[in-house]
Structure formats: C-alpha cells, structure tokens
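Any read-out appearing in this document is the output of simple, stated calculations on the displayed coordinates, not a laboratory observation. All values reported here derive from a predicted model rather than from experimental measurement. When we count neighbours, we look across all protein chains shown, and the Cβ atoms used for this are built from the backbone with ideal geometry, even at glycine.
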Amino acid sequence: MHYEGHIIRPPSEANSILLQITVGCSHNKCSFCGTYKGERFRIKEDSIIMEDIAFAANYCKRQRRVFLCDGDALIIPQKRLMNILLQIKKQLPWVTRVGVYANAKSLKMKTPDELRELKANGLGIAYMGLETGDDLILKKINKGATSETMIQMGRKARDAGIKLSITVILGIAGKERSTIHAKETGRVLSAIDPEYIGALSLMLIPGTPLYQDYASGRFHLLEPNDMLEELKTMIAATNLSKGLFHANHASNYLPIKARLPKDKEATLKIIEQALSGKVPLKPEYLRAL
C-alpha cells in the first residue's frame, strides 16, 4: 500500500482495509486539530489508487470492509469516486461496506442523486465531525459550517440511505459555554437523527490555535466532573429514533455505550453515580487520542 503523511481512521474501522485516496484534509482549519498541519490537500493519482486496490485483492482477503482515507475523501469528483467504488466492487467482491470521512462542504458538493449512486455502489457509512451544535463555538473553532448547515447535510446523507456516524467533542466550548454547547449539540443531533454518535473528550494538541488559547489563559479546560456533567446534559438533550451513543473512546473518563432512546435513563443514572464517586473514572495517564 502507498501511504503518505498521517493516516487516521475511526475506531470502528480498525479491521478495515485502509485505502488512501487523498492526502490530508480539504478544510484543515479547525483550531483543535493538528493532524494535517503542514500537509497540502490533494487527491492521489488514479494509477496509485488502482495499484493499492490490486494489492488488497491479493493480500487483504480476510477484511470485509474498506475505509477511504484521509480526512475528506468524499470531496473527490463523482466520476473518479465512482470508478474507485466500482473497482473495489470488481476486485474485492467479498467487501460488504465502504466507509469515508465527510464534512458539510463535501456533502454539499454532492447532489442527492450522486449520494444515492454512491450508496448503490458500496458506500455504506459516512463519518462526520459535528464537534458542537453551538454556532458561536463552531465559528470559534473554524469548523466552516453553521449548525443549520450541519443539520441539512447530515439529513442529506441519511435521506440517500448512507448510514451516518457523528463525532462530538466534550469540553470543546470550555467552561463558559459548556451547558449551551451540550444542549445545542443535543438539539442538532436530534434533528439529524444519525445511526451512531461518538463523543470524544477534548485533549489539547501542542501547536494548535486552541492549545495556544489555553496556554495564554483565553481557554479554560474542563475538569473530569465538568466533562461528565456536559455528557449528562448532552445525552438528556439528544432524542434519537434509534441510534447508538458511544462515549467509549480512549480520551473519555467514563466509557458509555447506550442505545437511544431505550438506554437513556439508565445511562443518565450511571453518569450520576460517577459524579457522586460510586463509579471510578479512567485515570489521566490512560487517556489517549
């Protein structure tokens, strides 16, 4: 496989074939993210991508899923992306699902018919970073979209039949807007109604604008119990028809896996127990990105 730069993938794609079709991220402006700093976004040559698919055809016969890296592979023009999916279907017939990172910009560039075409040819899930539903914080972290745009683009993917996994970040609003962030995020998640939600806890990365704000005293990091209060408020404000709310990422202090709405009240009780000290939290040294 021809890998360049930083290769990242969602935790749920740990056993997938990682097919890098772009390098970097087309947005690359989020204040909390240092993954692709210094990397110029580009689409890889078709010849290299086809070589990697051929490699997977020979050496990756046990993997049943493919994840298209890097940060925003959905932004590839439709004709080229369709050719990649068709080659995966032709050369890797045992693959049952293709996944991809998506953002509001890339989803906006695809028509509903194009998304349905991608779905019909193997694209089964898109991972979208919402981070927060608070418009003020979305602007502060340079996310490049409003909450209303996030809702529209999330619904657009859902309406095309593509499963949606949305990431949110506990602590991203700091102390001052923690409650607003939690409630507004719950509002946006409820409006999109995704199949999956993954909540991460903020870990500051040196060299990023948000880290610089923290170092200069302009941003105040939440304490572990503040993170839990935020998580409790967020889950209470999130109403899904049928979805999984995960907060079991390595960065989180309290692993949570809840099927909403069925497990909502029980999950809130577990968080209350953790806040009262009856359930231990993950020690700081075990947390990781």
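What the table shows:
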quantity: Estimated distance in nm for a label pair at K29 and M109, the labels positioned 7 Å out from Cα along Cα-to-Cβ; calculated: 1.5
quantity: Region 227-273: relative contact order in percent, alpha carbon pairs under 8 Å with at least 6 residues between; calculated: 36
quantity: Angle in degrees between helix 78-91 and the longest Cα principal axis of the chain, rounded to the nearest 10; calculated: 70
quantity: Separation of the M203 and N239 label points, Cα + 7 Å toward Cβ, nm; calculated: 3.5
quantity: Fully extended contour minus Cα-Cα distance, from R64 to S216, at 0.36 nm per residue; calculated: 50.0 nm
quantity: Over the chain, relative contact order from alpha-carbon pairs under 8 Å, at least 6 apart, %; calculated: 14
quantity: Using alpha-carbon coordinates, inclination of helix 178-192 to the longest axis of the chain, degrees; calculated: 40
quantity: Highest-first arrangement of 38-44, 70-76, 277-283, where packing means the average Cβ count within 10 Å; calculated: 70-76, 38-44, 277-283
quantity: Distance in nm between pseudo-label sites at T96 and R155 (7 Å out along the Cβ direction from Cα); calculated: 3.2
quantity: Calculated Kirkwood radius over Cα pairs in Å (choose from [x] 20.3; [y] 18.9; [z] 19.7), label; calculated: [z]
quantity: Cα-based helix-to-principal-axis angle, 264-275 vs the chain, degrees rounded to 10; calculated: 60
